Amino acid sequence: MDKIKFIPLIEPPILKDNQNGKILQEISFNNSIEWDSYQKNQIDKIYTNFPQPIQSGIYQYNLLKISLANMEKIINLHLADTKIVDSISLFGGYAISINNKIELFPQCCGLLEEIQLWKNILNKNFSNFYLTECHPSPLITKSKNEIVIICDDENESLDVIGNIT
């Protein structure tokens, strides 16, 4: 029997415009080594004793390994000067690990609040659903005791199949 786990991951904000407190979006890098170095440098400047990314080249971090002091910094930087009622959930989502190997990472623009959608797989009256806040937006279907996750996009495709009990 497969051991399936959901691992909560977040993408901590690292860039901030000192003039208006907003997160900056665009910086250009020549290769992934430059980006890895930049990412680590920014994390080290902002946070204290921050955990390693979940995997090399993936800038998502296990939420359960982040200290409360760092979470406070993450939330403050994420919100910047946005009113909390106008804000969205932290970026990230849930990695799916099958037999201790991550088979699916949160998709681009995913949100931590997606756990509410994933709970649908436990529903006796299960019906197909999409993770609508990310792209590609995975389609989650069920056939007897199998969950099928289909990520279909022009530039990216991934199918994951796992048994549930």
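The values are calculated or read from the model by the stated rules, or taken from the named source; none is laboratory data. Because the structure is predicted, anything quoted here is derived from the model rather than measured. Don't worry about glycine lacking a Cβ; one is built from the backbone with ideal geometry, like all the others, and counts go over all protein chains shown. The accessibility values were calculated without ligands, DNA or RNA, using every heavy atom of the protein model including side chains. Shrake-Rupley method; radii C 1.70, N 1.55, O 1.52, S 1.80 Å.
Some notes on this structure:
- Scanning segment 65-99 for residues that are under 17 Å from Pro53 (Cβ atoms), over 13 Å from the mean Cα position of the chain (by Cα) and not in a helix (DSSP H, G or I) turns up Ile66, Ser67, Ser97.
- Considering residues of segment 100-120 that are open to solvent by less than 90 Å² (accessible area, probe 1.4 Å) and in a helix (DSSP H, G or I) only, the residue nearest to Asn49 (Cα to Cα): Leu112
- Scope segment 76-127; condition touching a Pro at 6+ places or on another chain (Cβ under 8 Å), in contact (Cβ under 8 Å) with a residue 40 or more places away in the chain and under 22 Å from Lys142 (Cβ atoms); matching residues: Gly93, Tyr94, Ala95, Leu104, Gln107, Ile115
- Scanning segment 41-55 for residues that are outside any helix (DSSP H, G or I) and either among the aromatic types (Phe, Trp, Tyr) or farther than 14 Å from Glu11 by Cα (or both) returns Tyr47, Thr48, Asn49, Phe50.
- Filter result (over 16 Å from Leu112 (Cα atoms), of a type in the set (S, T, N, Q) and surrounded by fewer than 17 Cβ atoms within 10 Å (Cβ to Cβ)) within segment 50-75: Gln52, Gln55, Ser56, Ser67
- Taken across segment 15-24, residues that are open to solvent by less than 80 Å² (accessible area, probe 1.4 Å), closer than 26 Å to Ile115 by Cα and at pLDDT 90 or above do not occur at all.
- Candidate set from segment 121-136 (those that are open to solvent by 40 Å² or more (accessible area, probe 1.4 Å) and under 23 Å from Pro13 (Cβ atoms)); member that is farthest from the chain's Cα centre (by Cα): Thr132
- Looking across segment 26-49, just one residue is hydroxyl-bearing (Ser, Thr, Tyr), open to solvent by 70 Å² or more (accessible area, probe 1.4 Å) and modelled with pLDDT of 90 or more, and that is Thr48.
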